[in-house]
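Q: Sharing a structure, written as structure tokens. Questions coming.
Since every read-out is calculated from the coordinates, none of them should be taken as a lab result. Not measured: the values here are computed from a predicted model. Here the Cβ positions follow ideal geometry from the backbone for every residue, glycine too, while neighbour counts run over all protein chains shown.
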Amino acid sequence: MSRDAKALSLWDTLRFQLHVSVPAFLLGVVVPNRWFLSRLACWNAARLAHRFVRKLRVKYRSNLLWLWFPTRRTLLVLAPATIDAVLASGDNAPDPALKKRAISRFAPGALVMSGDAAQGRRRAFNTSALDLGRLHRDAETFARIAAGEVRRMLDARTDALRWSDFESLGKRVSHQIILGAGSIDDMLAADLARMLRRANLLLRDETSFHGFRMRVGASLRRHEGAPPAPCLLDIAARALTDGSASPSTCVTSQVAFWFFVLKDAVELHVPRTLALIAAHPDVQAKVRSEIRDAGELAAPAIDRLRYLEACVTEQLRLWTPVPMLLRRAVRRCLVGGEMVEAGQQFLIHAGFYHRDRRVFGRVAHAFAPGDAAAGALPPVYVFSAHGRSCAGRSLVTFVLKSALATMLARCRFELVRPAIEPGRIPYLYDHFDVELRPVPDALTSARDA
Ligand code: HEM
């Protein structure tokens, strides 16, 4: 493998757009597009994209490839050490034009698209409100919200759980964590959904945008000066009152981003993780026994569920929700021996990396929570890494574990569809088509007897 970067031919650049850029756009720049996901999953399009990138690496005998993404000169970085070096470097920022355009349609000023994280103390505000790196101060309340909503969903069911059940779970759990227990705002949810659909086309739905911001603003004002309440909006309102957040923190936009990502995370990763667990009976038995042994599911006990956490992480590795990490060089810099000019981009294809046999060997396409829990896998970048990694990582992992633990404590799950073959996990999973049959424990024992 040459150490020099190679530039793709015009023909290969066009093929890269066809195999990688176009499907990524169709799948949804912001939220998954249902129609295209079901078609692309059927055609196994992501497998073709991965095979294409693999072939490029062999053809050009390099782990650094110059190409256009989508219209800017971009260095595709494939070597693990260089991936880590790019993410750790202060010479680039996570604010390339395409990402800024998409996110600013619904959350202008959100940290995730801010070149300068220190601006308005946006990173500090997010990491503090979301309690990155530790159990959230309101974890007990969040666990109760997740458990209550899961019970509500399961109590009402006699047949299989479908996408609409998880979609509703995502809305109800995310709203209560942000707005407070018992608060669910359907108008806000409708505005958010319209804004996100339009943002997929890089456009703004002005009516929904203003309606959404008015509702968030009003909720923030309600919390200012009110007695403390265990929810994210209360923490945000307090930061505004005590001066740790200022107008340039763009608190409304940070909150808008939380609404989007928290709902998205619950509705997507609860069914996907359950589908993988259900398709692997040995894993299901082990994770249920870990949950049973944990006793009462209070926050610290949930936090300690390492095997369940490994199931979530493995799901995120196999179906990486942010498969492409795009960075903009803020100054001239040297990367893997290659000079990159200010304004040029780096593309880290985390989705490709997470399925790369050269890195993950035999488990590249397998669900391997045992290896993940034992720390036997190479680093994963599902939450990116270093100074601009996901600020909500600890919170979202805890919320997902709370919901999954309550479900698995109560029932065993059977995957009705789409089927998953152990050892050959498909590159894309159509979660809109998911059907998971809960089998409550009394029934499990009767059937097994
Ligand atoms: C499983 C669900 C999630 C995954 C896989 C995930 C993944 C990521 C990734 C990969 C980034 C870096 C994006 C980039 O550099 O382009 C990121 C950034 C971020 N995430 Fe998450 N995220 C998740 C959920 C959440 C949640 C629920 C919140 C908040 C409630 C959140 C808050 C943030 C913030 C504020 C940033 C920006 C950090 C910065 O730029 O300094 N995330 N996330």
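Q: Could you compute the net charge surrounding Gly343? Neighbours are other residues with a C-beta less than 13 Å from the C-beta of Gly343; K and R count +1, D and E count -1.
A: Neighbour charge sum, excluding Gly343 itself: +3.
Q: A further question on this structure: What's the ranking of 67-77, 236-246, 105-115, 250-260 by average number of surrounding C-beta atoms within 10 Å, highest first?
A: 250-260, 105-115, 67-77, 236-246
Q: Length gain on complete extension for the stretch Arg72 to Glu206, per 0.36 nm per residue less the alpha carbon to alpha carbon distance?
A: 45.4 nm
Q: Tell me, Arg123, Arg34 in order of fewest to most beta-carbon neighbours within 10 Å?
A: The order, fewest Cβ neighbours first, is Arg34, Arg123.
Q: Defining a contact as two alpha carbons under 8 Å apart and six or more residues distant in sequence, what relative contact order in percent does the chain show? Can you show the working numbers first?
A: Details: 690 pairs, mean separation 107.0, N = 449.
Worked out over the chain, it gives 24 percent.
Q: Using a Gaussian network model of the chain whose springs link C-alpha atoms within less than 10 Å, name the residue from His269, His386, His365 with the highest mean-square fluctuation.
A: Ranking His269, His386, His365 by mean-square fluctuation puts His386 first.
Q: Which lysines have a Cα lying under 17 Å from the Cα of Lys286, excluding residues fewer than 8 positions away in the same chain?
A: Leaving aside lysines fewer than 8 places away in the same chain, those within reach of Lys286 are Lys401.
Q: Only Cα pairs within less than 10 Å get springs; with that Gaussian network setup on the chain, which residue of Asp293, Asp95, Asp234 has the largest fluctuation?
A: In the Gaussian network model the winner is Asp293.
Q: Can you list, largest first and rounded to whole Å, the semi-axes you get for segment 339-445 by taking the square root of 5 times each eigenvalue of its Cα gyration tensor?
A: Gyration-tensor ellipsoid for segment 339-445: 33, 18, 15 Å.
Q: Hey, any idea what Rg/Rh is for the chain, computing Rh the Kirkwood way over Cα pairs?
A: That ratio equals 0.96.
Q: Hey, another quick one. Only helices at least 20 Å long along their own axis, judged from Cα atoms, and with Kyte-Doolittle mean hydropathy of 0.0 or greater: name those in the chain from DSSP H.
A: Span-like helices, by this rule, are 251-278, 393-410.
Q: Continuing with the same structure: Using only the Cα atoms of segment 191-292, build the gyration tensor, take square roots of its eigenvalues as a ≥ b ≥ c, and label the shape rounded, prolate or oblate: rounded if a/c is under 1.5, else prolate if a/b is larger than b/c, else oblate.
A: Note, shape of segment 191-292 comes out oblate.
Q: Once every Cα of segment 259-406 carries one equal point scatterer and solvent is ignored, give the base-10 log of I(q)/I(0) from the Debye formula at q = 0.09 Å⁻¹, two decimals.
A: With no solvent term, the Cα-only Debye profile gives -0.33.
Q: Once every DSSP H run of n ≥ 4 in the chain is given -39500 (n - 2.57) and the sum is divided by its residues, what mean residue ellipticity at 222 nm do you get, rounded to the nearest 500 deg cm²/dmol?
A: Dividing the helical sum by the residues of the chain leaves -16000 deg cm²/dmol.
Q: Starting with the highest mean, order 276-284, 209-217 by the number of other Cβ atoms within 10 Å, averaged over the residues of each peptide.
A: The peptides rank, most packed first, as 276-284, 209-217.
Q: Using only the Cα atoms of segment 1-119, build the gyration tensor, take square roots of its eigenvalues as a ≥ b ≥ c, and label the shape rounded, prolate or oblate: rounded if a/c is under 1.5, else prolate if a/b is larger than b/c, else oblate.
A: Here segment 1-119 falls in the oblate category.
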